[in-house]
Amino acid sequence: MRRDIMRWNSIIRYSHRKYSYLVNLHHTPVTFTTVILILLMILLLFGCTNPTEVTMKDLRAGTNGIVLKFLDGQPPAKVYENDRFVMTLELHNDGAATAKNAILSFGAPKEYVSVDIAGVTLDGKSTSMHFDIEGKSLKNPNGDINVLIVPVQAKTITTSKRQEVTAQAQLCYDYQTLAEASACVNYDPRGYLLSITACKPQKISMSSQGAPIAVAQVDVQSKYLPDGSLGSVFIITLQNRGNGKVIEAGHSKEACSGTEDVGSLWDKVRVTAVLGGRQIQCKKEVVRLENNKAEVFCEGSLQQTAGPYMAPLQVYVDYGYTQTLSKQFVIERIS
């Protein structure tokens, strides 16, 4: 897991590393008994190690993309007028894809607080922050974490003794879901009804793929194509299982900047299906989610054989994702 500490004009990177446990023999007489004890310790360590290796399939679990949160006590629950303090945001990519073209905006009422950076970039020249955050991988099974530190000063309040203030952060980014399954293809619904076959097309239920948009189910059906060959139909069910909103891929910047009308782009995803290493045709490449759900119809065929067989199926879903987070605190007058 790598953490990036981001300030208004700098970024500090550091990594968590595995610790090695060593036996210090510099001041210890190396006797036969010592050697035997060391060997026994090594055997115990290796004997207790879980030999199971983590795979990408293991990491493609859960319904999170980037998890956005304020760190505890930052901002404090209560500050006094003219106090200086910090608000700290943590962005953890808990999903299995890299969040690309991410943009983070931050704001608080200027009547009550002075924010040194309402929006930042690593070069300090823009009013918004743009970045990528790597997701879970075999080299980084926890995903990357970025930490944004925002310096703030409370202003003098005159209308009341206590003033509630709400700070808000908005995050937008491009993301991808990858769902993998094995599907029964080349099944003749007429010729194999009364015979034993290697497989039959069926509904494939899925749970999650380490992303907020999930491929919940793939219904596999056989059909004859116009050229007389056997083909397969895939009815793919998608669900938004995260806590954010979906926007068409490539338009995350517009969603967070508010510079363009993006009303027609909400709830749209782009779907690509690959069967046996070949991209197959989907009736609509871009579909709209309704009530956080959508169905996509794709069809295709592979090499014709004497009977049905199992073939790998990959479903790629590309989209933008937005989420907001707010935190309240109180400014109190000194007198």
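The table that follows gives values for the structure above.
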{"read-out": "Test: Ser208 is in the same structural domain as Lys283 (by TED's automatic domain parsing) and within 21 Å of Met56 (Cβ to Cβ)", "value": "yes"}
{"read-out": "Selection from the range 52-70 of residues that are surrounded by fewer than 15 Cβ atoms within 10 Å (Cβ to Cβ) and either closer than 23 Å to Cys256 by Cα or in contact with a Lys or Arg (Cβ under 7 Å, 6 or more places away or on another chain) (or both)", "value": "Lys69"}
{"read-out": "Matching residues in the range 56-75 - criterion: being under 18 Å from the mean Cα position of the chain (by Cα) and free of Cβ contacts under 8 Å to residues at least 12 places away in the same chain", "value": "Asp58"}
{"read-out": "Residue check, Asp132 modelled with pLDDT of 90 or more and crowded, with 19+ Cβ neighbours inside 10 Å", "value": "no"}
{"read-out": "Elements of type strands (runs of 3 or more DSSP E) in the range 245-335, at least 1 residues being surrounded by fewer than 20 Cβ atoms within 10 Å (Cβ to Cβ) and either small (Gly, Ala, Ser) or within 24 Å of the chain's Cα centre (by Cα) (or both)", "value": "245-247, 268-275, 286-288, 293-300, 309-332"}
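Residue by residue, here is whether (1) in a helix (DSSP H, G or I); (2) touching a strand residue (DSSP E or B) at 6+ places or on another chain (Cβ under 6 Å); (3) at pLDDT 90 or above holds:
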residue	(1), (2), (3)
Leu40	yes, no, no
Leu43	yes, no, no
Thr49	no, no, no
Thr52	no, no, no
Lys57	yes, no, no
Asn64	no, no, yes
Val67	no, yes, yes
Val79	no, yes, yes
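The values are calculated or read from the model by the stated rules, or taken from the named source; none is laboratory data. None of the values given here were measured: they were computed from a predicted structure. No Cβ is skipped: glycine too gets one built from the backbone with ideal geometry, and neighbour counts run over all protein chains shown.
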